[in-house]
Amino acid sequence: MLRIAIQGKGRLNEETLNLLQEAGVKLSSAKRTLLIPAKTFPAELLFLRDDDIPQAVADGVADVGIVGENEFMEKQKNAEIIKKLGFGKCRLSLAIPKEEDYINLNWFNGKKIASSYPVILSDFLKKNAIKADIHTISGSVEIAPGIGLADAIFDIVSSGSTLMSNHLKEVETVMYSEAVLIGNKSLSKEKEKILNELIFRIDAVQTAEDKKYILLNAPNNVLPDIFNILPGMRSPTVVPLAQEGWSSVHSVIDEKRFWEIIGKLKDLGAEGILVIPIEKMIL
Ligand code: PRT
Ligand code: ZN
């Protein structure tokens, strides 16, 4: 049995549950108690505040956890990052009042900076030989300069709209973050085996996410050109159509190259193009 610590409420909760569900780790009960066994996988989910997840994993209260990389870095606990998960993306940045002139980091010398991430911030300041006063607060950091509590802030930024509505501007990005799977450093052989199965499944979900299955009809004389555009996993599948001289081609394409590929296929005379999402993909 593998115990997985996840955020009970908050920004990462829903996407974490979605990812686990797509990986076949479904909950046996919809009721939100602290600990819920999974129905179809030898795991149980422990719902915690994100702040407590790194410690729980380091101490072995949980075997693995899903938490923001920022929170993991801040807490400095003895666990390891196993995998980046591609959601909960944000950055940790320094921001100052909009009207201030800013040339470089020296602006922060002698200033007071409000933050919920004092460890990451002091490490960054030390590396850059800046001497500033860190004022640690646990929430509503962005209002600190406006009420005279600090000269600047160091906080999570996503779209930037919170900074804007508090008349602040982002001047330095210190780290990029996303949700990560972290693990205890000394798992038993049995738990390691379950974890490897979980990683395999998460990989299959993630690989499928940026791929599409494509089907199209094309005249046989343009097939070689179409194969050049559609490499497929090994090579495309080709099925002859009832209509003489035509084939149906099936393949997998990268979401990123989608519009470029579709345009080229149309130019080559492909017809009846179908594009279908892929749920899982095992390479
Ligand atoms: O209750 P618990 O302690 O579990 O949760 P929490 O309130 O401490 O954390 P929560 O749920 O707010 O965030 C969990 C994690 O989500 C963070 O540690 C980040 O890794 C990640 N994340 C991703 C974010 C954001 N994006 C985000 N935009 N966390 C917070 N924000 C906040 C930010 O603090 C700021 O107030 O959103 C505001 C900025 O957003 P923009 O879009 O206006 O720039
Ligand atoms: Zn928290």
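Laboratory data are not the source of any read-out in this text; all were calculated from the coordinates shown. Just so it is clear, the model here is predicted, and its values are computed rather than measured. Neighbour counts run over all protein chains shown; Cβ positions are idealised from the backbone, glycine included.
Quick notes on this one:
- Looking at the chain alone, DSSP beta bridges between its own residues are antiparallel in about 75 percent of cases.
- Taking 0.36 nm per residue of sequence separation and removing the Cα-Cα distance, the L34/L149 pair yields an extension gain of 37.7 nm.
- D by Stokes-Einstein for segment 152-220, Kirkwood Rh over Cα pairs, 37 °C, 0.692 mPa s: 189 µm²/s.
- Just checking the listed ones, K266, K98, K89: in the Gaussian network model of the chain with Cα springs under 10 Å, the one fluctuating most is K266.
- Between helix 189-209 and the chain: long-axis angle, C-alpha atoms, 0 to 90°, nearest 10: 70
- Relative to the longest principal axis of the Cα atoms of the chain, helix 13-22 runs at roughly 30 degrees.
- Placing a label point 7 Å from the Cα of K98 along the Cα-to-Cβ direction, the residues of segment 169-187 whose backbone N falls under 13 Å from that point are 169-170.
- Exposure proxy shown here: for V249, V141, V174, the number of other Cβ atoms within 10 Å sets the order, fewest to most, as V174, V249, V141.
- A Förster radius of 22 Å, combined with the Cβ-Cβ distance separating L274 from E244, puts the computed FRET efficiency at roughly 0.50.
- Between 0 and 90°, nearest 10: helix 258-267 axis offset from the chain longest Cα axis: 30
- Averaging the sequence gap over all C-alpha pairs within less than 8 Å and six or more residues apart, then dividing by the number of residues, gives the chain a relative contact order of 19 percent.
- Net charge of the neighbourhood of Y117, taken over other residues with C-beta under 9 Å away and scored Lys/Arg +1, Asp/Glu -1, is -3.
- Rounded FRET efficiency, nearest 0.05, which uses the C-beta distance separating S159 from K126 and R0 of 45 Å: 0.90
- Full extension of the chain between N106 and Y213 yields a length gain of 33.3 nm, computed as 0.36 nm times the residue separation minus the alpha carbon distance.
- Computed label-point distance, nm, for sites N220 and K89 using a 7 Å Cα→Cβ extension: 4.5
- Springs between Cα atoms under 10 Å define the GNM used for the chain, and in it the highest mean-square fluctuation of D63, D51, D101 occurs at D101.
- Rounded, prolate or oblate (a/c below 1.5 giving rounded, otherwise prolate when a/b exceeds b/c) for segment 91-161 by Cα gyration tensor: rounded
- In this structure the amide hydrogen of R3, modeled in the peptide plane, comes within under 5 Å of the amide hydrogens of E44, D63, V64, none closer than 5 places in sequence on its chain.
- When the Cα atoms of segment 210-277 are aligned to their principal axes, the ranges along those axes come out at 35, 21, 18 Å in descending order.
- For segment 42-126, applying the loop criterion from DSSP together with a ceiling of 16 other beta carbons within 10 Å to the GluC sites (Glu not before Pro) yields E99, E100.
- Förster-model FRET efficiency, 30 Å R0, K264 and I82, C-beta, rounded to 0.05: 0.20
- In the chain, the ratio of gyration radius to Kirkwood radius, Rg to Rh, stands at 1.11 when only Cα atoms are counted.
- For I134, the residues whose amide H sits under 5 Å from its own are I113, ignoring neighbours fewer than 5 places away on the same chain, with H placed 1.01 Å from N.
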